[in-house]
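Chemist: The structure follows.
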Amino acid sequence: MFSDYIVYVDESGDHGLASIDQSYPVFVLSFCVFRIEEYRRDVVPAFLDLKFRFFGHDIVILHSHEIRKAKGLFKILVNAPVRKQFLEALEAALVRAPMTIIASVIDKKELCLRDPAPENPYEIALGFCIEGLLDFLSERSQADRETTIVVECRGKVEDDALELAFLRMMQADKRLAALPVRLVFADKKTNSTGLQIADLTAYPIGRHHLNPTQPNRAFGVVSAKFRRGPTGDGSGSGLRIYP
């Protein structure tokens, strides 16, 4: 039996440690969890409306980097009034979207300073997010039902390594071993609303971690969606920062 929820995953930054980008030395993984009925009924139509309003069609993939840089189809955002209208509409759609975010930030510079042979940042982040997802599903009596986790393809070698790490992680922890989740890999060209939302949430989290005092409206929207702990605080529950 399938659970009532589906998870879409995306990342910000790369997980490599050999050469760390000093301007963005973090790896962020964002799990966007939707109740399937709300996703189908409310979320997808809202983002389709946004696309038709600004592009006249739905064959457009909302991508954080291209939006920020006004590239490709988003060249229309070079026009200041259009950019303002689009960003306001996008923000409103994200605010209204009923979802829960479980995310992890791996500070790669700090990780390398603390451990001469550190683990793969992707695997560390994945472990934190899976643990948070298990708690989320357990609280809603869904942990015994199959939940799909949709991730974007990164290449055969990378995808095979991720799948192996995922299986190894699930088998190594008794709590996780009992959780019936499955990974589904989606091609980068897949026009998935959930994956696009996950992409839009990851970068603001990383940017806020690096510059917490800098104004960041996007992070304000995202942080309001973090899974909350018993005290109502998202830190440590909806957002894990390591080390």
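Read-outs throughout are calculated quantities, based only on the coordinates presented, and are distinct from any laboratory measurement. These numbers were taken from a predicted model, which means no experiment stands behind them. Counting neighbours? That spans all protein chains shown, and the Cβs are built from the backbone with ideal geometry, glycine included.
Chemist: Counting alpha carbon pairs within less than 8 Å and at least 6 residues apart, what relative contact order, in whole percent, applies to region 2-242?
Modeler: Values: 355 pairs, mean separation 77.0, N = 241.
Worked out over region 2-242, it gives 32 percent.
Chemist: If you don't mind, another one. How do Cys32, Cys112 rank when sorted from fewest to most other Cβ atoms within 10 Å of their own Cβ?
Modeler: Ascending number of Cβ neighbours within 10 Å: Cys112, Cys32.
Chemist: OK, next. Step through the residues of region 167-178 one at a time and calculate ³J(HN,Hα) from phi using the Karplus curve (6.51 cos²θ - 1.76 cosθ + 1.60, θ = phi - 60°), rounding each to whole Hz and writing x for Gly and Pro.
Modeler: Residue by residue, region 167-178 yields 5, 5, 5, 5, 6, 7, 10, 4, 5, 6, 4, 8 Hz.
Chemist: With θ set to phi - 60°, apply the Karplus curve 6.51 cos²θ - 1.76 cosθ + 1.60 along region 186-202 and write out the HN-Hα couplings as whole Hz, x wherever there is a Gly or Pro.
Modeler: My calculation for region 186-202 gives 10, 4, 4, 8, 5, 8, 9, 4, x, 5, 5, 5, 4, 4, 5, 8, 5 Hz in order.
Chemist: I need Glu146, Glu131, Glu11 ordered by Cβ neighbour count within 10 Å, fewest first. Provide the component values of the computation, followed by the final result.
Modeler: On the way: Glu146 12, Glu131 18, Glu11 24.
Ascending number of Cβ neighbours within 10 Å: Glu146, Glu131, Glu11.
Chemist: Rank Leu137, Asn191, Asn120 by how far each Cα sits towards the positive end of the charge dipole of region 62-208 (+1 on Lys, Arg Cβ; -1 on Asp, Glu Cβ) and give me just the farthest.
Modeler: So the residue we want is Asn191.
Chemist: Calculate the FRET efficiency for Asp49 and Glu119 from the Cβ-Cβ distance with a Förster distance of 45 Å, rounded to the nearest 0.05.
Modeler: On the way: r = 42 Å, r/R0 = 0.94.
After rounding to 0.05, the efficiency reads 0.60.
Chemist: Next up: For region 2-242, give the magnitude of the charge dipole about the Cα centre (Cβ charges: +1 Lys/Arg, -1 Asp/Glu; no others), in debye to the nearest 20. Provide the component values of the computation, followed by the final result.
Modeler: Details: 31 positive and 32 negative charges, 160 e Å.
Computed about the Cα centre, the dipole is about 760 debye.
Chemist: Right, something else. What is the fewest-to-most order of Met169, Met1 by other Cβ atoms lying within 10 Å of their Cβ? Kindly include the intermediate steps, with their values, before the conclusion.
Modeler: Working: Met169 16, Met1 7.
Sorted ascending by nearby Cβ count, the order is Met1, Met169.
Chemist: Could you tell me the center-to-center distance, by alpha carbons, between region 30-104 and region 190-212 in angstrom?
Modeler: Centre-to-centre (Cα) distance: 11 Å.
Chemist: Give me the number: length gained by fully extending Glu158 to Leu17, i.e. 0.36 nm times residue separation minus the C-alpha to C-alpha distance, one decimal in nm. Kindly include the intermediate steps, with their values, before the conclusion.
Modeler: On the way: separation 141, 0.36 × 141 = 50.76 nm, distance 1.51 nm.
Roughly 49.3 nm would be gained on extension.
Chemist: Tell me the label-point distance for the pair Val78, Arg40, using the 7 Å Cα-to-Cβ offset, in nm and rounded to one decimal.
Modeler: 4.3 nm
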